[in-house]
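The values are calculated or read from the model by the stated rules, or taken from the named source; none is laboratory data. These numbers were taken from a predicted model, which means no experiment stands behind them. With ideal geometry, Cβ positions are generated from the backbone for all residues, glycine too; neighbour counts draw on all protein chains shown.
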Amino acid sequence: MQQYKKIEIFTSEEARWQGQPVYAAIVQFVHDLKIAARCLVTRGIEGSYESGEIATGRLEVLSYNMPVRITIIVPAVESERILSKAEEMVTDGIVAVQDLSVISYKTRGILIPRQTRVRDIMTPDPQKVNLDTSLAEVARLLLSSTFTGLPVVDEENRPVGIIAQGDLIYKAGMPMRLGLLAESDRQKVSAVLEALAPRQAREVMSRPAVAIEQDKSVTDAINLMIEKKVKRLPVVDEVGKLVGILSRVDVFRTSMRESPDWKAFQKQSIAVENLRFVSDIMRLDTPTVTPDTPVEEVIQIIDSNDIQRVCVVDRGGNFLGLISDRDLLAAFSDRHPGIWDYFVSKIPFTEAGRRHKHLQWHLELKSAGEVMNTNIVTVREDTPIDEAIRLMLERAIKRLPVVDSEGKYKGMVSRDSLLRSGFASI
């Protein structure tokens, strides 16, 4: 049997701690500890106090200040953390504790509490643009931000569309991702902004805006993101006006803040159901190359896959590194300005090669092993999803290569797969 403590607190409705009912303050305190504890508050129908006062629910007697009992079941090793604080918080009442033998303890590994509402985790008062905002201004806003999309609003502040990085690339001809453009020299950035300036947000935005009401549950919002295949949702009030924006990162941050340490629960012999691991959600179709693969071939692979990166593995399948468009630009931009033409013009590689024979020769000569990034964070197949989320947030990365216990490459985890498999109910 597992050794637990049962903490019981006998108090009243009127008892307060820092301005709020003491029972509510204790429930919040236990929640914030993120430990394996269950808390129950019950309100009595009748009782009496040491002062001689009587509390009753009977109609013929005026009822007031009803008795309250707070019961907390907690592993014995964690009990002192609650008891020491409870003694301080309960200024009117009784705190008692007794040993408890638990024969079974099971819980569900939920990443976000079901009662969480969109308004609780959204980013309020987000940056936004109007229908007639120039695309140059849109790009400037996005280049100076950590996000890659903006809501477009009408004159009444109602969202009518979203303008994101993809809209600027595929509809307005922006030559590369914002992250790469931000690393380019000022002259190249100015040229791109100048080309975007004549056009307005209304011309390229994705419409209609897929919005969510602020009082909806976060689970509803996640399901809507997945159904509509969007990365962010404008949040509106009861009359449809923009009050915030909810992104995947907001969801992930909330899960890190709200979820307990499920591994610690399991070490205490608590059966945690519904836990998911990286192996359950990883993509298996990410292209791979060997270190001796010519860079020319790597570029062609990146051109043809939607993840825009290639994993490098040895002949035995061991993970060695990753190559993205950022790595290619960094490897050639100093000595070979023609690589800029490749990215900017988005022309087929063979045509780029004809324009820049010297660059083509180097692309054929250089290998994947020479340009790959080896400073890559990886996770193992048996890594819990919440640990993968933590790594992505701390390192500001969008994808994680997955390896087995021997370091062999198995697949890739993306933010989309985390959202789809870790949080959705559909």
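Quick rundown of the values:
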{"read-out": "Any hit, segment 22-29, residues being among the polar types (S, T, N, Q), free of Cβ contacts under 8 Å to residues at least 40 places away in the same chain and touching a strand residue (DSSP E or B) at 6+ places or on another chain (Cβ under 8 Å)", "value": "no"}
{"read-out": "Counted residues, segment 212-235 - those being of a type in the set (A, V, I, L, M, F, W, C), surrounded by 22 or more Cβ atoms within 10 Å (Cβ to Cβ) and not in a helix (DSSP H, G or I)", "value": "3"}
{"read-out": "Flag if E203 is modelled with pLDDT of 95 or more and of a type in the set (D, E)", "value": "yes"}
{"read-out": "Residues satisfying the stated conditions in segment 84-94, i.e. surrounded by fewer than 18 Cβ atoms within 10 Å (Cβ to Cβ) and aliphatic (A, V, I, L, M)", "value": "I94"}
{"read-out": "The one condition in (1) surrounded by fewer than 17 Cβ atoms within 10 Å (Cβ to Cβ); (2) within 29 Å of the chain's Cα centre (by Cα); (3) under 28 Å from T219 (Cβ atoms) that P126 fails to fulfil", "value": "(1)"}
{"read-out": "Enumeration of residues in segment 186-211 that are surrounded by 13 or more Cβ atoms within 10 Å (Cβ to Cβ), of a type in the set (D, E, K, R) and outside any loop (DSSP other than H, G, I, E, B)", "value": "K188, R202, E203"}
{"read-out": "Given (1) in the same structural domain as L242 (by TED's automatic domain parsing); (2) within 30 Å of E258 (Cα to Cα); (3) not polar (S, T, N, Q), number of the condition D185 does not satisfy", "value": "(2)"}
{"read-out": "Pairs, first touching a residue at least 60 places away in the same chain (Cβ under 8 Å) in segment 182-209, second exposed (fewer than 13 other Cβ atoms within 10 Å of the Cβ), C-beta under 7 Å, six or more apart", "value": "Q200/D132; R202/D132"}
{"read-out": "Residues of segment 30-61 that turn out to be under 47 Å from the mean Cα position of the chain (by Cα), among the hydrophobic types (A, V, I, L, M, F, W, C) and more than 21 Å from Y105 (Cβ to Cβ), as a count", "value": "1"}
{"read-out": "Wholly within segment 113-179, helices (runs of 4 or more DSSP H) carrying at least 2 residues that are modelled with pLDDT under 90 and either within 21 Å of L196 (Cα to Cα) or of a type outside the set (S, T, Y) (or both)", "value": "165-170"}
{"read-out": "R232 touching a Gly at 6+ places or on another chain (Cβ under 8 Å), under 23 Å from S217 (Cβ atoms) and in the same structural domain as G179 (by TED's automatic domain parsing)", "value": "yes"}
{"read-out": "Top-ranked residue of segment 161-213 - restricted to ones that are hydroxyl-bearing (S, T, Y) and out of contact with any strand residue (DSSP E or B) (no Cβ under 8 Å at 6 or more places or on another chain), ranked as farthest from F147 (Cα to Cα)", "value": "S190"}
{"read-out": "When residues of segment 291-307 are limited to those that are loosely packed, with under 14 Cβ neighbours inside 10 Å and part of a loop (DSSP other than H, G, I, E, B), the one farthest from the chain's Cα centre (by Cα)", "value": "D292"}
{"read-out": "Among (1) among the hydrophobic types (A, V, I, L, M, F, W, C); (2) modelled with pLDDT under 95; (3) over 27 Å from the mean Cα position of the chain (by Cα) - the single one L83 does not satisfy", "value": "(2)"}
{"read-out": "Only one of G19, G44 that is at positive phi and at pLDDT 90 or above", "value": "G19"}
{"read-out": "Cβ-Cβ under 9 Å pairs, at least 6 apart or on other chains, segment 97-118 side more than 19 Å from V235 (Cβ to Cβ), far side in a loop (DSSP other than H, G, I, E, B) and of a type in the set (F, W, Y)", "value": "L111/F423"}
{"read-out": "Residue among E183, E156, E137 that is buried (at least 16 other Cβ atoms within 10 Å of the Cβ) and of a type in the set (D, E)", "value": "E137"}
{"read-out": "Any pair with Cβ under 9 angstrom, 6 or more apart, that starts in segment 31-44 at a residue that is free of Cβ contacts under 8 Å to residues at least 12 places away in the same chain and ends at one that is part of a strand (DSSP E or B)", "value": "H31/C39"}
